[in-house]
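Heads up: the structure comes next, in C-alpha cells.
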Amino acid sequence: MGKALIIGAGGVAGVVAHKCCQNSEVFEEICIASRTLSKCNALKEKLDGGKTKVTTAQVDANNVPELIALIEKVNPDIVINVALPYQDLTIMDACLATKTDYVDTANYEPEDTAKFEYKWQWAYRDRFKEAGITALLGSGFDPGVTGVFSAYAQKHYFDEIHSIDILDANAGDHGYPFATNFNPEINIREVTANGSYFENGKFIETEPMAIKRVYDFPQIGPKDIYLLHHEEMESLAQNIKGIKKIRFWMTFGQSYLTHLKVLENVGMTSIEPIEFEGKQIVPLQFLKAVLPDPASLGPRTKGKTNIGCIFQGVKDGKPRTYSVYNVCDHQECYKEVGSQAISYTTGVPAMIGAAMVMTGKWKRPGVYNIEEFDPDPFMDALNQFGLPWHEDFAPTLVD
Ligand code: NDP
C-alpha cells in the first residue's frame, strides 16, 4: 500500500520498524532515519529479507530544512515520529511543508522546561486542516491505547463516563539497582514533575509522588502506585463526555524511588545547564549518559506490565463500572522483536496508528488526539499485533 518514514532509531523505533515489517501489506516500504546512522543501519540489518523494503538515512530532526529535504527524497505517505518530544514541532513543520501525514507518541516539550501540554501542537490544527493532512497525536500506550480504551468505553458501554483511573504497572525486573525503561531524560523529567489530577473542570496539582495507594493488578499482584501528571489527561478532559475526574497512576519500586531521591538531592536530575570544566552541561543529560541504555534492558528484563483504565459512569440511568487492560510479558517481547515491554507497548500502537491513517480509516485533515477517532479498528489491531486486551465488568476500584 505505501511507505512510512520512521524518525528515531531508539528502543521504540526498533519495535515500530519490526511491527511495520509484520504488516507489510500496509507498509511496503519503510525508511528509518535518525541522528546516528549506524543505529538505523543496525536495525535495517535485523529486518532485511522480509517483504517490506527497508532503507535508512541520517537526519537532524531539530533542523526543518534537513527534514523537508529528507521527506521530499523519501516521499513517504506518513512520518512516524519516535525521536524525542523536543522534535515534535520541527517534524510537524516539515510535514506541513511537504503535505505529509504525521503520527507521534508523546507531546511536545520545550527542552528547557519540563512542561507537558498539548497547546503547542493544538496550535497547528488550522494549518493541518488547510493542508489536507492528518496529525495523530499520542499513539503510544499511555498516551495512546489509554485514549483508545476511553473512546471504546464511551462508544460501547456508557452514556456518560464520570471518572477514569489510568493504571500503569511495570512489574519487570532488569536486575540493575537503577535504570529507566524508556529514554532516561524524558522519564526522569516526567516523574520528578509535580503530580496532578483532573476534578470538576480543573487540574489540581500535588507535590511529586505525594499520593500513594496499593493496587492489586491482575496477573501481577499488589503494587504501590503513585499519582502522576500525564499528558493524556489534558485531551481526555476535553474529549470524554460528562467527565468529572481523571487520575493517572504508575507503579514504582522502593529502590527506584530511593535512587531518584538521592539523584534529585544532589542535583543530578536538574535541567538547568551548569559550567563543568569550561563547558556548559545539563546534569540530567549527563546522568542519561551514565545510565543503562533502555534499549539494552531487553535481554535482562523479566516479568510483566499491566496497563489499562477503570471507568465509572452511567448507562441507561444505572451506575456502571468497567475496566480494560493489556498484560505484556517482557521476555515474550524480547523473543519476538528484541525489546522489553515498555518499548513494545509503545511501538505497536505507533505502527497501528500510522496504519489507521494510511489505510484511510482515520484519515481526517487536522490535528487530533487518539480518542477522537473510531476505536473499533484500532482495538481489533491491538489483538492482531500483539497487545490483546481484557475486560472486567466488576474491577477493584482505586480508593
Ligand atoms: P530513545 O532515546 O531510545 O530513542 C530516541 C531516538 O531519537 C534515538 O535514536 C535518538 O538518536 C533519536 N533522536 C534524538 N534527537 C534526535 C534528533 N535531533 N534528530 C534525529 N534523531 C534524534 O527513546 P525511546 O525510543 O525510549 O522513546 C522514543 C519516544 O517514545 C519518546 O518521545 C518517548 O517520550 C516516547 N514514549 C512514549 C510512550 C507512550 O506510551 N506514549 C512510552 C515510552 C516512550 P541517537 O541515538 O543519536 O540519540
Within segment 88-109, identify whether any single residue is in contact with a Pro (Cβ under 6 Å, 6 or more places away or on another chain), within 16 Å of the ligand (Cβ to nearest atom), within 23 Å of PRO349 (Cα to Cα) and at pLDDT 95 or above, and answer yes or no. yes
Condition check: touching a residue at least 40 places away in the same chain (Cβ under 8 Å), surrounded by fewer than 21 Cβ atoms within 10 Å (Cβ to Cβ) and within 13 Å of the ligand (Cβ to nearest atom). Does ALA171 satisfy that? no
Which one of the conditions (1) closer than 18 Å to GLU372 by Cα; (2) open to solvent by less than 30 Å² (accessible area, probe 1.4 Å); (3) of a type outside the set (Gly, Ala, Ser) does HIS156 fail to meet, given that it meets all the rest? (2)
Count of residues meeting criterion [surrounded by fewer than 16 Cβ atoms within 10 Å (Cβ to Cβ) and more than 24 Å from the chain's Cα centre (by Cα)] in segment 269-301: 10
Look through segment 126-150, keep the residues that are away from the ligand (no atom under 16 Å from the Cβ) and in contact with a helix residue (DSSP H, G or I) (Cβ under 6 Å, 6 or more places away or on another chain), and return whichever of them is least open to solvent (accessible area, probe 1.4 Å). THR134
In segment 365-391, the residues that are hydrophobic (A, V, I, L, M, F, W, C) and touching a residue at least 60 places away in the same chain (Cβ under 8 Å): VAL367, ILE370, PHE373, PHE378, MET379, LEU382, PHE385, LEU387, TRP389
Hey, can you tell me all the residues within segment 230-266 that are assigned to a loop (DSSP other than H, G, I, E, B), open to solvent by 60 Å² or more (accessible area, probe 1.4 Å) and in contact with a helix residue (DSSP H, G or I) (Cβ under 7 Å, 6 or more places away or on another chain)? LYS241
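Assess whether GLY338 counts as being within 30 Å of GLN384 (Cβ to Cβ), in contact with a Gly (Cβ under 7 Å, 6 or more places away or on another chain) and open to solvent by 30 Å² or more (accessible area, probe 1.4 Å).
Numbers: within 30 Å of GLN384 (Cβ to Cβ): yes; in contact with a Gly (Cβ under 7 Å, 6 or more places away or on another chain): yes; open to solvent by 30 Å² or more (accessible area, probe 1.4 Å): yes.
When the stated conditions are applied, GLY338 passes them.
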Per the filter on segment 286-334, residues within 17 Å of LEU387 (Cβ to Cβ), within 12 Å of the ligand (Cβ to nearest atom) and of a type in the set (A, V, I, L, M) are ILE307
Being open to solvent by 40 Å² or more (accessible area, probe 1.4 Å), within 19 Å of LEU260 (Cα to Cα) and among the acidic types (Asp, Glu) narrows it down to one of GLU207, GLU199, so name that one. GLU207
Looking at segment 57-70, is at least one residue in contact with a His (Cβ under 9 Å, 6 or more places away or on another chain) and over 19 Å from GLY144 (Cα atoms)? no
Being hydrophobic (A, V, I, L, M, F, W, C), open to solvent by 20 Å² or more (accessible area, probe 1.4 Å) and assigned to a helix (DSSP H, G or I) is the filter here; which residues of segment 88-125 pass it? LEU89, LEU96, ALA97, TRP120, TRP122
Scan segment 302-327 residue by residue and report those that are of a type in the set (Val, Ile, Thr) and buried (at least 22 other Cβ atoms within 10 Å of the Cβ). THR305, ILE307, ILE310, VAL324
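The values are calculated or read from the model by the stated rules, or taken from the named source; none is laboratory data. It should be emphasised that the depicted structure is a prediction, and the values quoted were computed from it without experimental measurement. Heads up, the Cβs are rebuilt from the backbone with ideal geometry, glycines too, and the neighbour counts pull from every protein chain shown. For the accessible areas, the whole protein counts, side chains as well, though only heavy atoms, and no ligand, DNA or RNA atoms are used. Shrake-Rupley method; radii C 1.70, N 1.55, O 1.52, S 1.80 Å.
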